Amino acid sequence: MAEQILQIENVDPKDLHGPNDRYLNKVKALFPKLKIIARGDFVKVIGDEDEMEYFINRYEMLTMQLERKGKIDERDIEDIMKANSDVELQQKMSESDVLVFGRGGLAVRAITANQKRMVSASEHKDLVFAIGPAGTGKTYTAVALAVRALKAKQVRRIILTRPAVEAEEHLGFLPGDLKDKLDPYLQPLYDALRDMIPSSKLEGYMEDHTIEIAPLAFMRGRTLDHAFVILDEAQNATRSQLKMFLTRMGRSAKFIITGDITQIDLPPHVPSGLPQAMEVLKDVKGIEFIILDDKDVVRHKLVTDIINAYKRRQETEEGSQNEEELTEQQ
């Protein structure tokens, strides 16, 4: 007769054991030869050693499923506890096109062809550029990939950063401490994270710096090891800033850089570093560039029409400018 005590980590025991211990009682019924006693964050298991080892493996898998999905049900218990082999178990637990389960079990997926290319590129390359107009899911997909990597323990932390550049708006004096002043620039990153991580857990991750959100200037001088790092709105990074960021890459790190070269908010005399980086790094092995377009827009259907309308206007203006320059030369 053997005995072992398990500690429940990263999930709420109430969610794992169900209302009035309904899920726990179902698990007990599936392992009648074991005595299973749950107290708070601990579970004591008493019984045959081989049976106990099998139970612990499946119980840990059930805990991982709860952490991944945000919730479980009786079907998850049946699928995981009754799987006949490790291969079947992995098949039951995985949904290949789901990047992460967000709040309330929301399944976050790559929807469009280029978003799926972005996912594939990140799985095979350590540095990925995702370039495209607003609404194409660049940031959202990148954050989903980062959260997935963190939950799978492929990285130890997530670092999200943006240049603190005003989009043709002068916000003036903002009250509060440094975080309060910078948060408006970083709000889209918070929004994506809140969709994918329960509020209480996200708060804990932020407090212990498992997830860090900071302006690009704060990256200087650092080495980012064992991290999934996203630079958002990279078109607003200067050439020196972007070079500085790229050289922060440490061991076992994944970098995704997102940007829209049609929406540069830097002063007219300050060139963006993103077009230069795309040109300089285009032949470097280990780096992949994913170009998203209006077909990848996943916002309101009017967003695609708006993007195309502005594109046509820009092409018209560039054509007129070229004609004027040619006339002057003649």
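The values are calculated or read from the model by the stated rules, or taken from the named source; none is laboratory data. As the structure is a prediction and not an experimental result, all values here were calculated from the model. Positions of Cβ are backbone-derived with ideal geometry, glycine not excepted, and every protein chain shown enters the neighbour counts. Calculation scope for accessible area: heavy atoms of the full protein, side chains included, ligands and nucleic acids excluded. Shrake-Rupley method; radii C 1.70, N 1.55, O 1.52, S 1.80 Å.
Numbers at a glance
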quantity: Peptides 227-239, 306-318 ordered by average Cβ neighbours within 10 Å, highest first; calculated: 227-239, 306-318
quantity: Local net charge near residue 42, Cβ-Cβ under 15 Å (Lys/Arg +1, Asp/Glu -1); calculated: -2
quantity: Nearest-0.05 FRET efficiency for residue 111 and residue 26, computed from C-beta distance (R0 30 Å); calculated: 0.30
quantity: Heavy atoms of residue 282: accessible area, 1.4 Å probe, square angstrom to 10; calculated: 110
quantity: Chain lengthening between residue 282 and residue 194 when straightened (0.36 nm per residue, less Cα-Cα); calculated: 28.3 nm
quantity: Within the accessible area of the chain (1.4 Å probe), percent carbon and sulfur; calculated: 49
quantity: Chain lengthening between residue 1 and residue 201 when straightened (0.36 nm per residue, less Cα-Cα); calculated: 68.2 nm
quantity: Backbone N under 15 Å from the residue 223 label point (7 Å along Cα→Cβ), restricted to the stretch 237-276; calculated: 247-253
quantity: Accessible area (Å², 1.4 Å probe, nearest 10) - residue 272; calculated: 10
quantity: Rough spin-label spacing in nm, given labels placed 7 Å along Cα→Cβ, for residue 103 and residue 12; calculated: 1.3
quantity: Reported label for calculated mean projected area of the Cα convex hull in nm² given (1) 18.8; (2) 22.0; (3) 16.7; calculated: (2)
quantity: Separation of the residue 56 and residue 310 label points, Cα + 7 Å toward Cβ, nm; calculated: 5.7
quantity: Contact order normalised by residue count of the chain, Cα under 8 Å, 6+ apart, percent; calculated: 18
quantity: Solvent exposure ordering (accessible area, 1.4 Å, most first) of 285, 151; calculated: 285, 151
quantity: Stretchable slack from residue 212 to residue 42, in nm (0.36 nm times residue separation minus alpha-carbon distance); calculated: 58.2 nm
quantity: Residue 205 accessible area, assembled protein chains, probe 1.4 Å, Å²; calculated: 40
quantity: Relative contact order computed over the stretch 1-44 (Cα-Cα under 8 Å; 6+ residues apart), in percent; calculated: 50
quantity: Sequence of 249, 1 from largest to smallest accessible area, 1.4 Å probe; calculated: 1, 249
